[in-house]
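Asker: Here it is: the structure, laid out below.
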Amino acid sequence: MSAERGASNVSGEPEQGDGITVRDPVSAPDAEGRPRRTTRRFPLFTRDTARPEGGGRAAPGDAPAPARQWPILCVLLTVGLGLLLTALDQFRLGTLLVGVALLAGALLRWLMPHVGMLAVRSRFTDIVTYGGLGAVIVLLALMVQPHPLLEIPFLKDTLHFTVDG
């Protein structure tokens, strides 16, 4: 096989032909030497993955690491505070704080072009995941007994229907 088609020799090292080095069978270089995709299928073991959109630094590269990753630090610190409050017998307030932190993460992911490590998947998937989990946690925190702040009437009927059979 030739190097242009992404072949490698028996030892696993990429072949070199005409001064072109092919790193893997997925990304063959174009005429300028930049990798270009030759197929949409990934090999069995990927060596690298594309960063999610918005996965760039949230601050310039010369800023210290906490400043570059402030969006995820804010979400994680708020979740940590919520878990601490939950452990200190403030269950409703702590779980509300966890849910609000996830909703804030969804909002940051939606509004900001670069959110650092808060970007895990595509923007749409991150927003749906953070927002959905945050909304469910907030709703459950509002419905927790005793003295729920939110009562949904049909849930009690649904529970009686499933238990009474």
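Asker: So which pairs qualify, if the first residue must be in region 60-71 and assigned by TED's automatic domain parsing to the domain that holds Gly105, the second must be in a loop (DSSP other than H, G, I, E, B) and at pLDDT 75 or above, the Cβ gap must be under 8 Å, and the two must be at least 6 apart or on different chains?
Answerer: Pro71/Met112; Pro71/Val115
Asker: Follow-up question, since we're still on this one. Quickly run through region 66-90 and pick out the residues that are touching a helix residue (DSSP H, G or I) at 6+ places or on another chain (Cβ under 8 Å) and not aliphatic (A, V, I, L, M).
Answerer: Pro66, Arg68, Gln69, Trp70, Pro71, Cys74, Thr78, Gly82, Thr86
Asker: Restricting the first residue to region 118-138 and requiring it to be farther than 24 Å from Ile152 by Cβ, which pairs with a second residue that is modelled with pLDDT of 95 or more and surrounded by fewer than 15 Cβ atoms within 10 Å (Cβ to Cβ) meet a Cβ separation below 9 Å and a spacing of at least six or different chains?
Answerer: Matching pairs, first to second residue: Ile127/Leu107.
Asker: Please find, among Leu155, Leu133, the residue that is in a helix (DSSP H, G or I) and touching a helix residue (DSSP H, G or I) at 6+ places or on another chain (Cβ under 6 Å).
Answerer: Result of the check over Leu155, Leu133: Leu133.
The values are calculated or read from the model by the stated rules, or taken from the named source; none is laboratory data. Predicted, not measured: the structure shown is a model, and the values here were computed from it. Using ideal geometry, Cβ is built from the backbone for each residue, glycine included, and neighbour counts are taken over all protein chains shown.
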